[in-house]
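A short worksheet on the structure shown next.
The values are calculated or read from the model by the stated rules, or taken from the named source; none is laboratory data. Model, not experiment: these values are computed from the prediction. Neighbour counts run over all protein chains shown; Cβ positions are idealised from the backbone, glycine included.
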């Protein structure tokens with residue numbers, strides 16, 4: 001059954017998360033440096049038990065965490081999400097030894113994780129990866145990684161990377177293997193990239209970086225399955241992040257338009273303003289419901305998770321862009337002043353329409369899934 005509303009326990013937990021974000025996480029986030037990993041913030045998330053919950057609960061819980069934190073502290077939300085994205089492949093596909101070594105450090109906030117999929121020539125087209133994993137005939141077996149990764153969140157400051165490399169040339173998605181690569185591995189270097197978004201993003205260079213069978217996540221040649229399995233979980237939660245930002249912008253707009261006097265009365269009494277606010281609320285709630293439905297489908301092992309995940313991510317991120325932009329318009333110039341909530345959200349809201357599959361990619365996934373399952377009874381499609 002699709003969950004179209006939260007139970008009282010979930011509602012209370014979301015309120016608790018918002019309070020934690022305001023009282024304990026926001027002050028730590030404010031001390032961070034834009035473009036750098038805020039390790040005290042990651043440690044605070046671990047101390048509060050939120051990082052451990054990434055790996056002990058389902059997709060709906062993940063979405064509720066991301067939405068709730070995003071309403072109050074996007075920096076805390078992003079730090080949490082990046083830990084989950086980078087380490088989920090270890091949790092879901094790693095060996096017992098890999099999980100035992102890394103997951104306690106990730107959940108404590110002691111080790112920072114990163115998901116290294118994108119490359120200079122392979123962003124949305126993830127099957128076109130060029131990072132090579134050549135057989136290491138001179139060493140003790142395994143492979144040598146040679147090439148580049150780019151637009152990697154938490155790089156170059158992460159402690160471990162989930163890296164996707166081509167082990168079989170010319171095999172497309174079938175020739176990719178996922179590796180767990182510690183940051184101190186010889187031949188691995190990185191540089192930060194100065195981006196619009198405030199969280200850290202960088203490039204990685206692999207100069208014959210050694211990896212062995214002990215570093216493989218899942219099975220050799222099945223790395224694309226690891227990547228897509230991770231993205232099917234995290235795409236709806238990107239939507240939840242977007243819904244949280246949209247809600248924060250909507251809340252700010254309600255307060256501003258109720259109190260701001262213009263043309264002989266409060267802004268809210270102008271029909272053009274009140275109708276705009278109503279549209280913002282309508283779209284935000286529609287996106288929220290689609291995110292919850294996609295997360296519930298994932299938790300129930302439904303057959304149509306790729307389509308639902310893509311729909312949720314697409315609708316929510318496009319909606320958030322619209323709502324934040326409308327909020328800026330209704331606030332006027334003050335919203336673009338450095339340090340204003342909406343100035344911050346305006347910078348944050350753009351990137352989710354690109355990362356973890358751009359909006360155009362989500363549309364392609366949706367169409368592919370629709371045609372693949374056309375004519376089949378509902379629920380009969382293979383996952």
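Taking the numbered list (1) in contact with a helix residue (DSSP H, G or I) (Cβ under 8 Å, 6 or more places away or on another chain); (2) farther than 23 Å from residue 325 by Cβ; (3) not assigned by TED's automatic domain parsing to the domain that holds residue 362 in turn, residue 197 passes all entries but (2). Summed over segment 229-253, the residues that are farther than 17 Å from residue 352 by Cα and out of contact with any helix residue (DSSP H, G or I) (no Cβ under 6 Å at 6 or more places or on another chain) give a count of 2.
Residue 302 falls short of the stated requirement of being in contact (Cβ under 8 Å) with a residue 40 or more places away in the chain and under 29 Å from residue 200 (Cβ atoms).
Yes/no matrix, rows are residues, columns are (1) farther than 22 Å from residue 345 by Cα; (2) out of contact with any strand residue (DSSP E or B) (no Cβ under 9 Å at 6 or more places or on another chain); (3) surrounded by 18 or more Cβ atoms within 10 Å (Cβ to Cβ):
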{"position": "196", "(1), (2), (3)": "no, yes, no"}
{"position": "206", "(1), (2), (3)": "yes, no, yes"}
{"position": "225", "(1), (2), (3)": "yes, no, no"}
{"position": "237", "(1), (2), (3)": "no, yes, yes"}
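Taking the criterion of being surrounded by fewer than 12 Cβ atoms within 10 Å (Cβ to Cβ) and in a helix (DSSP H, G or I), the only residue of segment 333-344 that qualifies is 333. Within segment 210-222, identify whether any single residue is surrounded by 23 or more Cβ atoms within 10 Å (Cβ to Cβ), over 21 Å from the mean Cα position of the chain (by Cα) and not assigned by TED's automatic domain parsing to the domain that holds residue 327, and answer yes or no. Scanning segment 210-222 turns up at least one residue that is surrounded by 23 or more Cβ atoms within 10 Å (Cβ to Cβ), over 21 Å from the mean Cα position of the chain (by Cα) and not assigned by TED's automatic domain parsing to the domain that holds residue 327. Can you tell me how many residues in segment 90-141 are over 21 Å from the mean Cα position of the chain (by Cα), in contact (Cβ under 8 Å) with a residue 12 or more places away in the chain and closer than 22 Å to residue 37 by Cα? Total satisfying the criteria: 0. It is to be established whether one or more residues within segment 18-26 are within 21 Å of residue 197 (Cβ to Cβ), in contact (Cβ under 8 Å) with a residue 12 or more places away in the chain and surrounded by fewer than 23 Cβ atoms within 10 Å (Cβ to Cβ). Checked against the condition, which is being within 21 Å of residue 197 (Cβ to Cβ), in contact (Cβ under 8 Å) with a residue 12 or more places away in the chain and surrounded by fewer than 23 Cβ atoms within 10 Å (Cβ to Cβ), segment 18-26 yields at least one hit.
Before we move on, is residue 186 in contact with a strand residue (DSSP E or B) (Cβ under 8 Å, 6 or more places away or on another chain), surrounded by fewer than 19 Cβ atoms within 10 Å (Cβ to Cβ) and modelled with pLDDT under 95?
Judged against the criteria, residue 186 is not a match.
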